[in-house]
Amino acid sequence: MDKFYVTTPIYYVNDVPHIGHAYTTVAADILARFNRLSGKAVFFLTGTDEHGQKVQKAAEGRGLTPKEHADQMVENFKRLWKELNISNDAFIRTTDEQHKRVVQEVLMKLYEKGEIVKRPYRGWYCTPDERFWTDKEIVDGKCPDCGRPVEELEEDNYFFLMSKYQDALIEYIEKHPEYILPETRRNEVMGFLKNNDLGDLCISRPKKRLSWGVPLPFDEDYVTYVWFDALVNYYSATRYLAPGAQEQINWWPADHHIVGKDILTTHAVYWSTMLMALEMPLPHNIFAHGWWTVEGRKMSKSLGNVVDPFEVIKTYGADAFRYFLFREVTFGLDGDFSVSAIVGRINSDLANDLGNLLSRTITMARKYFNSVVPEGASVEEELKELAEAIYKKMAKHLSVLAFQKALDEVWSLVSYINKYIDTNQPWALAKDPSKKDRLGTVLYSCLEGLRFIALYLYPFMPEASEKMLKQLGIEEPISHGQYSTLRWGGLKPGTALKKPKPLFPRIELKDKKEEKKKVEEDKKDNLISINDFAKVELRVGRVIHAERVEGSNKLLKIKVDIGEERQIVAGIGKVYSPEELVGKQIVVVTNLKPAKLMGVESQGMLLAAGDENNLSIVTLEKEIPVGTRVK
Ligand code: ME8
């Protein structure tokens, strides 16, 4: 049997899962489900990354041991995967004893081969990011990645001789164009590899600085660098968690490592060269997808706009959420999550196109054919061909993770059948008894087409798919390899059709009448509701830079940190000098539409009282983290 092995990143347990994590894991789930129905032996792996400084610190902050902390946090991920119908075959934790043993085995092998050596090392260390930077890389004494201060450290450490493999890696990527996808990301990696000297990778941390990690098997004073430990999970899982692992079925190499673009280098460069040094085959593909923002803004804790996937599931359902993530943006590009976008998709694609098609087809068949699937007097060849051909097209798209295109193929069938109904007008055929055969053909074709749609949608929306099949009277569960036997005509005439229930009820964003009544009442007494007030997003900001707008004695151009950087133009220049503003905590309206003042864009407004000659900006009485909402 063909094998298919797909992985997600193993997520850090220092945080609760958000839609970004859900995104990657659903992507892997879609592939796993599709390949199971295609008849392959599938191993779908996800899990958690539990060692390292970040986890140690987070645990300390909660007064727990790192393991106790991890044991609690891991449950959030497991619960989310359950609610999202994730069909992972295994869940790896890097604190698993078996995993740690494989990490040590790999380290020992590389050490004995001379691929790991001990060297003195001096560099700039960023504690939150747990990584060293060189003199050239740091920017004004700060980490080039997160902007936080770095400290100079000198110590002996162990290095994996990664630089040796620079040319081999370039050659490998050139020979295997599908190795890194999408193409833009491959070009980035190639650009990096061709224009920079690859250094060696520091893979140890002295125990005195960090104890929470896998001990080096050849030096007890050190633990393993968390990324080295984490990347090995993809291989270690095949040794003790994969189906048939005990019987030594060889699952390695993986077909797809799905990751976000933030961790492409660690996968494309560190992991690839580690495997080369181990003389192990490389995975077939590493796919780095894009980044989700929320309502146009970066998701961040300080902004308080992190989307809780549990809430999304509660509000819209797991299927609609899964569908939205993969219909809305091309996998590989960045996407924006907003209430209006998800509601728009649910109403137009799911409630309208798909849900209505199912309910009107079943309603007509029940009405005209005594609640059973009618006999099709003849086969609608065009529809049959379209329906049957979709499998191969989906398989091709999904082999390069083009989820959106795969959904487009299914929707071509949805649209075809919707049009087919409008053209054939079954309600008119029903009025003429001599057209009963034709009516049977038309409705059979629609019902059979819907069976194909349900099966094709299964990887994306497993619950809706099963509901669709049930309404079509099909009770057998979806089975492994089902796509290989999918032929037109599988729906048996005479099958009892269930009473249709809406698959995806339409969502009304607001009850317009209610809203209008409330607005009128509020107008009468000149009051606003708490909801009206909440529409104004006020946040704590800190002025990081200010200068005068050229040609104006009133306007200042101010850069404010509100968890992200914003530029604000304010008319306070007659009273405040730019210098005295820097460092001040202020209150900013952060959801104003951007406007231009004397040609300079202002992305918000700061609060101040008074007129331009006598005013005071609103500041805070005590220090509050930037980005905090003012309510
Ligand atoms: O990096 N949009 O774990 P992590 C899209 N432990 N995807 C997002 C996202 C967003 N806004 N935010 C997070 C780690 N992700 C390491 C991985 S693997 C051997 C070790 C997703 O918890 C995306 O897949 O920080 C990203 O790569 C991953 O979460 C990072 O998860």
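The values are calculated or read from the model by the stated rules, or taken from the named source; none is laboratory data. Quantities reported herein were computed from a predicted structural model and do not represent experimental measurements. Heads up, the Cβs are rebuilt from the backbone with ideal geometry, glycines too, and the neighbour counts pull from every protein chain shown.
Taking the listed residues Phe43, Phe4, the one that is in contact (Cβ under 8 Å) with a residue 24 or more places away in the chain and touching a helix residue (DSSP H, G or I) at 6+ places or on another chain (Cβ under 7 Å) is Phe4, with no other qualifying. Residues of the stretch 286-312 that are more than 10 Å from the ligand (Cβ to nearest atom) and surrounded by fewer than 20 Cβ atoms within 10 Å (Cβ to Cβ): Glu295, Gly296, Arg297, Lys301, Ser302, Gly304, Asn305, Asp308, Phe310, Glu311. For Tyr456, the conditions (1) under 31 Å from the mean Cα position of the chain (by Cα); (2) of a type outside the set (A, V, I, L, M); (3) closer than 23 Å to Ala395 by Cβ; (4) surrounded by fewer than 22 Cβ atoms within 10 Å (Cβ to Cβ) are fulfilled apart from (4). Asn187 meets the stated requirement of being farther than 18 Å from Glu50 by Cβ and away from the ligand (no atom under 16 Å from the Cβ).
Of all residues in the stretch 228-241, those satisfying the criterion of being of a type outside the set (S, T, N, Q) and either in a strand (DSSP E or B) or away from the ligand (no atom under 12 Å from the Cβ) (or both) are Arg239, Tyr240, Leu241.
Residue count for the stretch 211-227, restricted to those that are under 20 Å from Tyr11 (Cβ atoms), touching a strand residue (DSSP E or B) at 6+ places or on another chain (Cβ under 8 Å) and either part of a strand (DSSP E or B) or within 10 Å of the ligand (Cβ to nearest atom) (or both): 2. Looking at Glu623, Glu612, just one residue is touching a residue at least 24 places away in the same chain (Cβ under 8 Å), surrounded by fewer than 16 Cβ atoms within 10 Å (Cβ to Cβ) and either in contact with a Pro (Cβ under 8 Å, 6 or more places away or on another chain) or more than 27 Å from Val306 (Cβ to Cβ) (or both), and that residue is Glu612.
Against the list (1) modelled with pLDDT under 95; (2) in contact with a helix residue (DSSP H, G or I) (Cβ under 9 Å, 6 or more places away or on another chain); (3) more than 15 Å from Leu447 (Cα to Cα); (4) surrounded by fewer than 21 Cβ atoms within 10 Å (Cβ to Cβ), the condition Ala377 fails is (3).
Results for (1) in a loop (DSSP other than H, G, I, E, B); (2) closer than 28 Å to Cys126 by Cβ; (3) not small (Gly, Ala, Ser), shown as yes or no for each residue.
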position	(1), (2), (3)
Pro243	yes, no, yes
Gln246	no, no, yes
Ala254	yes, no, no
Leu264	no, yes, yes
His267	no, yes, yes
Tyr270	no, yes, yes
Met276	no, yes, yes
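Scan the stretch 403-414 and tell me whether some residue there is touching a residue at least 12 places away in the same chain (Cβ under 8 Å), out of contact with any helix residue (DSSP H, G or I) (no Cβ under 6 Å at 6 or more places or on another chain) and either assigned by TED's automatic domain parsing to the domain that holds Ser38 or part of a loop (DSSP other than H, G, I, E, B) (or both). No. Taken as a whole, the structure leaves Ala464 outside the set of residues that are on the phi < 0 side of the Ramachandran plot and touching a Ser or Thr at 6+ places or on another chain (Cβ under 8 Å). Scanning the stretch 46-69 for residues that are within 25 Å of Leu241 (Cβ to Cβ), assigned to a loop (DSSP other than H, G, I, E, B) and more than 15 Å from the ligand (Cβ to nearest atom) turns up just one, Thr65.
For the stretch 316-323, the condition of being of a type outside the set (Phe, Trp, Tyr) and within 30 Å of Trp252 (Cβ to Cβ) holds for at least one residue. Condition check for Pro120 on (1) of a type outside the set (Asp, Glu); (2) in contact (Cβ under 8 Å) with a residue 60 or more places away in the chain; (3) over 27 Å from Ala59 (Cβ atoms): one failure, at (2). Condition test on Val372, is it surrounded by fewer than 17 Cβ atoms within 10 Å (Cβ to Cβ) and β-branched (Val, Ile, Thr)? So Val372 fits the description; yes.
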